[in-house]
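The values are calculated or read from the model by the stated rules, or taken from the named source; none is laboratory data. Computed from a predicted model, the values in this text were never measured in an experiment. Cβ atoms come from the backbone with ideal geometry, glycine included; neighbour counts cover every protein chain shown. Note: areas computed on protein heavy atoms with side chains; ligands, DNA, RNA excluded. Shrake-Rupley method; radii C 1.70, N 1.55, O 1.52, S 1.80 Å.
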Amino acid sequence: MSIEVGSKLEGKVTGITNFGAFVELPTGVTGLVHISEVADNYVKDINDHLKVGDKVEVKVMNVGSDGKIGLSIRKAKPESERPQRPQRPSRPRQGGRPPERPENFEQKMAKFMKDSEERLTTLKRATESKRGGRGARRG
């Protein structure tokens, strides 16, 4: 029995670290369930969710060329058991203006050149007024 990405298998937790849990699969190979793939909510301490010897259902997420197997417990659950993320409410338009179309390169360049010229003019005014020593004219 080969391990294929996307397949769901039952395994046994053989080791726990601060970054995840090692699970032995039926074929005898061991894969890693990263701490972010243990549960749908935030997992601060993996020991709150798993113990060595627990039987878990896992989904194979990836198989590396070096033989490392990435597993997920939370994605092995059926869709109906997973909590749905709430949809973000859409933002109302500000000022009732229609959304702006994306600018093309020429428009962006023209805007940049205008802003650049304005900044240079402001900088020249500020530096020219400061020339001439300490500011007091001797006559």
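Below are the figures for this structure:
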{"read-out": "With DNA, RNA and ligands ignored, accessible area of Asp66 (1.4 Å probe; Å², nearest 10)", "value": "110 Å²"}
{"read-out": "Inter-site label distance for Val5 and Ala110 at 7 Å from Cα along Cβ, in nm", "value": "4.6 nm"}
{"read-out": "Under 29 Å from the Cα of Lys108 - lysines, other chains or at least 8 residues apart", "value": "Lys124"}
{"read-out": "Model label zone, Val29; criterion: amide N under 11 Å from point 7 Å along Cα-to-beta-carbon; scope region 1-19", "value": "1-5"}
{"read-out": "Set of lysines near Lys59 by C-alpha distance (under 30 Å), chain-local residues within fewer than 8 positions excluded", "value": "Lys8, Lys12, Lys44, Lys51, Lys68, Lys75, Lys77"}
{"read-out": "Where region 14-69 is the region considered: accessible area per residue in Å², 1.4 Å probe", "value": "60 Å²"}
{"read-out": "Length released on extending from Arg101 to Ser65, taking residue separation times 0.36 nm less the Cα-Cα span", "value": "8.5 nm"}
